[in-house]
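Peer 1: Here it is, the structure in full.
The values are calculated or read from the model by the stated rules, or taken from the named source; none is laboratory data. Treat the numbers as computed from the prediction; the structure is a model and nothing was measured. When we count neighbours, we look across all protein chains shown, and the Cβ atoms used for this are built from the backbone with ideal geometry, even at glycine. Only protein heavy atoms, including side chains, enter the accessible area calculation; ligands, DNA and RNA are left aside. Shrake-Rupley method; radii C 1.70, N 1.55, O 1.52, S 1.80 Å.
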Amino acid sequence: MTFLVPTAFALAVIAIPITVLYILKLRMRQVHVSSDLFWQQIFTARPPRSFWSRFRHPLSWLAQLLILLAIVAAAADPRWNSTQTEQRLVLILDVSASMQASEARGQRLELARTRALQIINGLPAGTQVAVIAANHRPEILCSMTDHIPDLLRAVTSVEPSAAPGRPDLAVSIASSLLGDTDAASILLLSDRCFDATSLPAEPRLTIETVGTSLPNIGIVGFQALRNSDDPLSAELLVAVRNASSLPAEAVLQLRMNETLSHVERLSLAPEETTSKTFPRVGPAGGIWQAELREIRFLQNAADSTTSAPVTAAPPVTTAPVDALAIDNTAAAVLPAATRQTVQLISANGYFVQKVLEADPLIDLQVQSAITESPTNKPAQITILHELVPAKLPAGPVIVLDPRADCDAWALKETRQNPLPSPAVETHPITRNFRLDDVLIPAATELEFRLPARVLAVAEDGLPLCVLLQRPTGPVLVVPLQLTQSDLAFRTVFPILISNTLRWFANTTHLTASALQAGQQIAVPLPSATFAQRTAAESDIQQVLLRSPAGRSGLIPLVRTDDGSAELTALTGPLCETGLWSVEPTGTLAGISVPSESAVTIAVNVASAAESDLRPPGPVSEPPAADSRTPRSGSRPLWFWICCTAAFLLILEWFLYQRRWIT
């Protein structure tokens, strides 16, 4: 037998004061009486105790010492010595979203945690155990050790995750921890709601199923998207799956910024996945939230509320209620339509001005001449018509019919009547764009000094639409003489301008409207946040990431390579559903950042596999342990010793009450 806490035997010194109290002479209390006739008989029968006299109550003294011995032995945590070689065990707990399903005995993860605690408490002395959480990225909660308190704390600290689990990676890590040891085993506590074929071939692996087959309805897809061709229109896409063998009904509610927008009753056949699209028009953005309510599973078609009304409603027999609540809600961030400040510099650009004024998302500024040092404000786009400065302004620029040299090109010659080629380069700018029907009396040939990508060309090779890339912003050049061409009167011209402006607005990466739990993302921070950046701010390394539950932490920042003030925050796997926020407030070297600069990230379960709470195949009982599996699951020895101490305490009380000890 081995004692895990041998220092507890120091408590045995308490036996000394217990013994002293039993042999110590008691001081008699003096009382005046009228006669001592009867008291003399008592003193004769019970003489006074002396320090060296024998114990008058040996049974009581012995019971007290046995109780103390039992308490000391329990505190020392005794373990039976194993006759086998040293064994090793890796406990893997599945913490995926499906483990949050509610069973009759409690939540699946709680059942797995309770089972793991039983296994650890019943292990033989010296057994080396490790604990791994099979999250989206498996985490070793406790490395190999035989210290029971550390193992118990590791199992107790397991937290649920909304992300799909990766038990295959967890088993691979467990195999690496065990090495080639034969006296070792891997125990996976899971609901088996995953693809078992993905598990590596590991003969030491045992899967113990937690939970039963349950029906469930969940939101498996939720996105809010703006139309790239028409930024004023948006669509909300919702996918709902009935992961059960019974027909089901539910009410889908959609809210925009906490305001109820749509309510629709869904009727789903067994195993059906339905998708709904909800259009929205307007430049405003916000937070879309979807929620499934009044979920019920029907035993027959007569139970459906969508059937014809009847005068007397028969009693409805329903299947178990929806078992997983975490996939009944979802959120998505619909970005507001981007407004663009455009500065038009033209002496004769009436038609260009009208095209820009027709766009409701453009704030137009018209200038008839070039200033001495034309500069751009943040997020401003410059359109130059005929007038070209010696140095192009920073930021995105569109140049129509250039008439002078600049730092990006040099004029060569004017070609008459070039014939446009019907083929154009595939690019977002050239979507629905064709020049083969446009009359082009003249076009200017340019010699470019920057890397150029030709988007449209004439039959003789003359570039008619060119995209230049530079560190300070892209430049689109259309060297057609608009005053002689009918391009400004064709629909292809506003299409070209609109495509270019939309592409300029999306030169930085946009965050997705909603992420699946477990994903990570690079979040671009608003450029206006860093408009006042100084040289002293070069030490900025982190910003604040706040979870839906209110927990916060710092995440790293990455600067762009083009020398601009744009920064990108890199998040880790987001394993909690709800609305996350990236808040630069308080981390920008003393800059006062408005709350509007916080970037919101929506995270949902959005997984058909996690919403399906039915393990593949029949649910079997845990397999019997073989020679490699440590004996576990029984009560620890200290528990029985404590029971013995309690029994001895009750026995002493009984003997005292029966006057066997006084």
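Peer 1: Failed condition for Glu202, given (1) part of a loop (DSSP other than H, G, I, E, B); (2) over 28 Å from Thr577 (Cα atoms); (3) open to solvent by 40 Å² or more (accessible area, probe 1.4 Å), with all others met?
Peer 2: Of the numbered conditions (1) part of a loop (DSSP other than H, G, I, E, B); (2) over 28 Å from Thr577 (Cα atoms); (3) open to solvent by 40 Å² or more (accessible area, probe 1.4 Å), the odd one out for Glu202 is (3).
Peer 1: Cβ-Cβ below 7 Å, separation at least six or inter-chain, first residue in segment 201-230 and more than 22 Å from Arg105 (Cα to Cα), second among the acidic types (Asp, Glu) and not in a loop (DSSP other than H, G, I, E, B): which pairs?
Peer 2: Leu225/Glu235
Peer 1: Out of (1) free of Cβ contacts under 8 Å to residues at least 40 places away in the same chain; (2) open to solvent by less than 50 Å² (accessible area, probe 1.4 Å); (3) in contact with a His (Cβ under 9 Å, 6 or more places away or on another chain), what's the single condition that is false for Ala456?
Peer 2: It is condition (3) that Ala456 fails.
Peer 1: Determine whether segment 110-119 contains at least one residue that is of a type in the set (A, V, I, L, M, F, W, C) and closer than 21 Å to Gly179 by Cα.
Peer 2: No, there is no match, as no residue in segment 110-119 is of a type in the set (A, V, I, L, M, F, W, C) and closer than 21 Å to Gly179 by Cα.
Peer 1: Quick check on Leu93: is it modelled with pLDDT of 70 or more and assigned to a helix (DSSP H, G or I)?
Peer 2: Spelling it out, it is not the case that Leu93 is modelled with pLDDT of 70 or more and assigned to a helix (DSSP H, G or I).
Peer 1: From the list Leu232, Leu254, Leu187, Leu214, pick out the single residue that is within 30 Å of Ala284 (Cβ to Cβ) and at pLDDT 90 or above.
Peer 2: It is Leu254.
Peer 1: Here's a follow-up. So in segment 20-66, with the set limited to residues that are within 24 Å of Phe654 (Cβ to Cβ), open to solvent by less than 60 Å² (accessible area, probe 1.4 Å) and part of a loop (DSSP other than H, G, I, E, B), which one is modelled with the highest pLDDT?
Peer 2: His57
Peer 1: On the given criteria, is Arg153 farther than 22 Å from Pro203 by Cα and in contact (Cβ under 8 Å) with a residue 60 or more places away in the chain?
Peer 2: Considered against the rule, which asks whether it is farther than 22 Å from Pro203 by Cα and in contact (Cβ under 8 Å) with a residue 60 or more places away in the chain, Arg153 comes out as no.
Peer 1: Can you pull out every residue in segment 309-332 that is at pLDDT below 50 and polar (S, T, N, Q)?
Peer 2: Of everything in segment 309-332, those that are at pLDDT below 50 and polar (S, T, N, Q) turn out to be Thr311, Thr317, Thr318.
Peer 1: In this structure, is Ser421 over 48 Å from the mean Cα position of the chain (by Cα), part of a strand (DSSP E or B) and modelled with pLDDT under 90?
Peer 2: Answer is yes for this residue.
Peer 1: Pull up segment 213-243, narrow it to residues that are assigned to a loop (DSSP other than H, G, I, E, B) and out of contact with any Lys or Arg (no Cβ under 9 Å at 6 or more places or on another chain), then point me to the one that is farthest from Ala325 (Cα to Cα).
Peer 2: Residue satisfying both the conditions and the ranking: Asp230.
Peer 1: Looking at segment 173-189 only, could you name the residues that are small (Gly, Ala, Ser) and open to solvent by 50 Å² or more (accessible area, probe 1.4 Å)?
Peer 2: Within segment 173-189, just Ser176 meets the criteria.
Peer 1: Restricted to segment 391-443, and to residues that are without any contact (Cβ under 8 Å) to a residue 60 or more places away in the chain, of a type in the set (Gly, Ala, Ser) and buried (at least 16 other Cβ atoms within 10 Å of the Cβ), which residue is farthest from Pro463 (Cα to Cα)?
Peer 2: The qualifying residue farthest from Pro463 (Cα to Cα) is Ala442.
Peer 1: Which ones in segment 444-453 are farther than 27 Å from Asp230 by Cβ and surrounded by 13 or more Cβ atoms within 10 Å (Cβ to Cβ)?
Peer 2: Correct list: Thr444, Glu445, Leu446, Phe448, Arg449, Leu450, Ala452.
Peer 1: Could I ask something else about it? Would it be correct to say that Ser161 is among the polar types (S, T, N, Q) and part of a loop (DSSP other than H, G, I, E, B)?
Peer 2: For Ser161, the condition - among the polar types (S, T, N, Q) and part of a loop (DSSP other than H, G, I, E, B) - is met.
Peer 1: While we're looking at this one, here's another question. Looking at segment 112-145 only, could you name the residues that are open to solvent by 20 Å² or more (accessible area, probe 1.4 Å), of a type in the set (Val, Ile, Thr) and under 19 Å from the mean Cα position of the chain (by Cα)?
Peer 2: Ile140
Peer 1: Can I ask one more? Can you tell me which residue among Ser98, Ser172 is touching a residue at least 24 places away in the same chain (Cβ under 8 Å) and touching a Cys at 6+ places or on another chain (Cβ under 6 Å)?
Peer 2: None of the others qualify; the one that does is Ser98.
Peer 1: Follow-up. What residue, of Leu468, Leu487, Leu480, Leu462, is touching a residue at least 24 places away in the same chain (Cβ under 8 Å), open to solvent by less than 10 Å² (accessible area, probe 1.4 Å) and more than 20 Å from Val397 (Cβ to Cβ)?
Peer 2: Leu462
Peer 1: While we're looking at this one, here's another question. Just checking, which of Leu91, Leu109 is in contact with a Pro (Cβ under 6 Å, 6 or more places away or on another chain) and open to solvent by less than 10 Å² (accessible area, probe 1.4 Å)?
Peer 2: Leu109
Peer 1: Something else: Collect the residues in segment 190-199 that are in contact (Cβ under 8 Å) with a residue 12 or more places away in the chain, of a type in the set (S, T, N, Q) and surrounded by fewer than 17 Cβ atoms within 10 Å (Cβ to Cβ), keeping them in residue-number order.
Peer 2: Ser198
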